[in-house]
Amino acid sequence: MTKNEIVTKINLSKDIARFDIFAPLIARKARAGQFVILKANAAGERVPVTLVDWDEKRGTITVIIQAIGKSTVMFNDKKQGEIFEAVAGPLGAPVEIKKYGTVAVVGGGVGIAEVYPIAKALKSAGNKVISILGARTKDLLILEQEMRQISDITVCTTDDGSYGQKGLVTDALQKLRDGGEKIDAGFVIGPVPMMKFCCRLMQKLGIKSYASLNPIILDGTGMCGCCRVSVGGKIKFACVDGPMFEGDLVDFDELSRRTGEYKKEEAACLLKYRESHVCKVGLH
Ligand SMILES: Cc1cc2nc3c(=O)[nH]c(=O)nc-3n(C[C@H](O)[C@H](O)[C@H](O)COP(=O)(O)OP(=O)(O)OC[C@H]3O[C@@H](n4cnc5c(N)ncnc54)[C@H](O)[C@@H]3O)c2cc1C
Ligand code: FES
């Protein structure tokens with residue numbers, strides 16, 4: 001097998017794909033909560049994606065990617081046997097895995113994939129794991145079976161009610177608490193508003209929360225300052241100090257502003273890429 005080769009690719013939904021990539025050195029070192037930086041080709045953008053799983057014997061790492069812009073569309077256009085130009089990592093600080101007692105692990109959208117390795121490690125450390133998996137609609141709900149296998153309780157929610165409980169992950173959390181579940185710590189990964197409201201609710205319920213932040217990342221090694229976030233009034237770099245931080249202390253509004261800074265340019269970039277990749281067979 002060649003370095004950075006796609007050993008397996010499985011489409012999990014229309015825009016979400018799972019890749020097993022041959023990267024033995026990373027597979028040997030990876031820990032829950034860390035990420036890699038991928039590049040589609042030599043001129044490609046550096047894109048952070050979470051290490052969802054790894055297999056030291058096979059020498060592979062697993063990532064799950066949601067195509068939302070030019071680079072992630074380019075990734076998900078790749079096929080089994082093709083190569084990623086660069087796979088750098090493992091990066092970021094691993095999550096502190098210990099016995100907390102009962103933990104709520106909350107994933108929203110592709111955040112379910114990102115929270116999976118943490119849930120798995122927390123289960124191995126002897127915690128009771130309650131997983132709350134949220135998606136806009138049934139087709140976008142991924143890894144349900146994998147999460148059920150490592151969880152004591154699994155609750156699925158969809159915004160439109162097409163599967164599981166209708167509503168948001170916060171509704172499910174409140175319901176569990178009203179039903180008498182005592183939760184000692186919560187780990188939340190998903191879109192920024194979801195993490196913000198989930199951490200706020202956990203604070204109200206007296207649950208210590210942790211959220212994995214997703215600012216724009218460039219070098220991923222603490223040099224450029226691009227991934228700057230405010231935590232407890234202090235500047236932190238998500239790529240080296242995180243990406244997981246105490247939820248009560250995160251300035252989610254600032255994070256939201258900073259991640260949305262280049263929306264116009266990102267949309268233009270995707271449009272240009274799509275236009276240049278339209279299949280022209282049969283048009284003439
Ligand atoms: C630590 C971390 C782990 C992540 N793990 C996953 C994962 O496992 N699976 C997954 O699908 N996505 C993951 N993401 C998000 C992923 O990096 C972005 O979706 C991707 O960079 C978007 O690039 P694009 O060119 O496709 O889209 P663009 O159109 O360029 O951007 C779309 C949005 O993605 C975000 N974004 C853009 N560039 C970057 C960048 N260089 N770094 C971070 N965010 C960016 C911005 O919020 C932007 O508005 C993770 C992000 C971080 C920070
Ligand atoms: S991405 Fe450059 S400092 Fe974190």
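Calculate, in nm to one decimal, what residue 99 and residue 264 gain on full extension: separation in residues at 0.36 nm each, minus their alpha carbon distance.
Stretched fully, the residue 99-residue 264 segment lengthens by 55.0 nm.
When only DSSP loop residues count, what GluC sites (Glu not before Pro) in the range 139-231 have their Cβ near at most 15 other Cβ atoms within 10 Å?
181
Mind pulling the per residue volume of the convex hull built on the Cα atoms of the chain? Å³ is fine.
141 Å³
When the label point is put 7 Å from the Cα of residue 136 along its Cα-to-beta-carbon vector, which residues of the range 61-79 have a backbone N closer than 15 Å?
Those under the cut-off are 66-69.
Keeping the other protein chains in place, figure out the carbon and sulfur percent of the accessible area of the chain, with a 1.4 Å probe.
51 percent
Listed here are the pairs 29/234; 99/120; 79/123; which of them are more than 24 Å apart at the Cα?
Beyond 24 Å between Cα atoms: 29/234; 79/123.
Cα to Cα, under 21 Å, and not fewer than 8 places away if on the same chain: which lysines meet these conditions relative to residue 166?
138, 175, 196
From the convex hull of the Cα coordinates of the range 6-91, what is the mean projected area in square nanometres?
Mean orientational projected area (the range 6-91, Cα hull): 5.0 nm².
For the range 68-103, run through the trypsin sites (Lys or Arg not before Pro) and keep only the ones in DSSP coil with at most 12 other Cβ atoms within 10 Å of their Cβ.
79, 98, 99
The values are calculated or read from the model by the stated rules, or taken from the named source; none is laboratory data. Computed from a predicted structure; not experimentally measured. Positions of Cβ are backbone-derived with ideal geometry, glycine not excepted, and every protein chain shown enters the neighbour counts. Ligands, DNA and RNA are stripped out before the accessible areas are found, and what is left, the full protein with its side chains, is counted by its heavy atoms. Shrake-Rupley method; radii C 1.70, N 1.55, O 1.52, S 1.80 Å.
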